[in-house]
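Q: Before anything else, here's the structure in question.
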């Protein structure tokens with residue numbers, strides 16, 4: 001397992017530990033989060049933490065050292081260097097944790113893990129997340145129509161990605 005400890009002024013991303021899992025599952029199952037992410041059991045999260053191809057990271061507020069969310073990256077060992085930003089879940093919204101975490105995830109993916117492409121899917125109805133991803137350089141690639149069954153209704157996913165060259169160009173502009 002790759003050790004991660006990436007920090008900004010407001011967020012610390014670190015490898016999820018066994019004692020974080022109750023928080024992870026509770027956070028994921030909250031109604032404001034459950035409508036946007038798949039639901040896993042504690043055991044499914046535990047198994048993912050031990051897989052070489054997955055990074056399961058806890059999001060900690062830097063000023064309080066309190067858990068405020070988690071992230072899952074997959075495709076760490078992908079031979080094509082395509083990494084999936086599989087999940088981001090935040091318990092305490094409205095403080096900029098999502099944007100800050102997204103910046104750290106791009107840094108980890110492109111600078112530490114040598115990804116060529118970082119991609120994600122986002123539910124069609126999650127307009128707030130789509131705006132965030134676009135503002136951070138992700139480009140819409142297409143729509144997977146009605147591929148998720150949630151509450152007896154089918155929902156579509158939008159696939160988005162950012163390439164390492166796009167990330168590096170944006171970094172160069174900010175220097």
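The values are calculated or read from the model by the stated rules, or taken from the named source; none is laboratory data. Values in this document were obtained by computation on a predicted structure and should not be read as measured data. Note that we place each Cβ from the backbone using ideal geometry, even for glycine, and neighbour counts take in every protein chain shown.
Q: Among the numbered criteria (1) surrounded by 13 or more Cβ atoms within 10 Å (Cβ to Cβ); (2) under 26 Å from residue 15 (Cβ atoms); (3) modelled with pLDDT of 95 or more, which one does residue 92 miss?
A: The single condition residue 92 does not satisfy is (3).
Q: Here is a follow-up. Considering only residues that are in contact with a strand residue (DSSP E or B) (Cβ under 7 Å, 6 or more places away or on another chain) and more than 15 Å from residue 166 (Cβ to Cβ), which ones fall in segment 94-121?
A: Within segment 94-121, 97, 98, 100, 101, 104, 108, 113, 121 meet the criteria.
Q: If you don't mind, another one. Can you tell me how many residues within segment 3-16 are part of a loop (DSSP other than H, G, I, E, B) and surrounded by fewer than 12 Cβ atoms within 10 Å (Cβ to Cβ)? Full working, then the answer.
A: Step one: list which residues in segment 3-16 are part of a loop (DSSP other than H, G, I, E, B), which gives 3-4, 8-10, 16.
Next, from what is left, pick out any that are surrounded by fewer than 12 Cβ atoms within 10 Å (Cβ to Cβ): 3, 9.
So the answer is 2.
Q: May I pose another question? Condition first: under 20 Å from residue 76 (Cα atoms) and under 16 Å from the mean Cα position of the chain (by Cα). Can you find one or more residues in segment 129-138 that meet it? Don't jump to the end; show me each part of the working.
A: Applying the first criterion (under 20 Å from residue 76 (Cα atoms)) to segment 129-138 yields 138.
Of the ones still in play, those that are also under 16 Å from the mean Cα position of the chain (by Cα) are 138.
Scanning segment 129-138 turns up at least one residue that is under 20 Å from residue 76 (Cα atoms) and under 16 Å from the mean Cα position of the chain (by Cα).
Q: Is segment 33-49 home to any residue that is modelled with pLDDT of 95 or more, within 17 Å of the chain's Cα centre (by Cα), closer than 25 Å to residue 155 by Cα and surrounded by 19 or more Cβ atoms within 10 Å (Cβ to Cβ)?
A: yes
Q: Still on this structure, please answer the following. So which of 24, 60 ends up being over 19 Å from residue 118 (Cα atoms), within 15 Å of the chain's Cα centre (by Cα) and in a strand (DSSP E or B)? Explain how you work it out, then say what you get.
A: Details: 24 fails: in a strand (DSSP E or B).
Every option except 60 fails the conditions.
So that you can scan it fast, the table gives a plain yes or no per residue for (1) part of a strand (DSSP E or B); (2) exposed (fewer than 14 other Cβ atoms within 10 Å of the Cβ):
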| site | (1), (2) |
| --- | --- |
| 132 | no, no |
| 145 | yes, yes |
| 148 | yes, no |
| 156 | yes, no |
| 165 | no, yes |
| 169 | no, yes |
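Q: Could you list all residues from segment 84-128 that are part of a helix (DSSP H, G or I), more than 25 Å from residue 26 (Cα to Cα) and over 15 Å from the mean Cα position of the chain (by Cα)?
A: 111, 112, listed by residue number.
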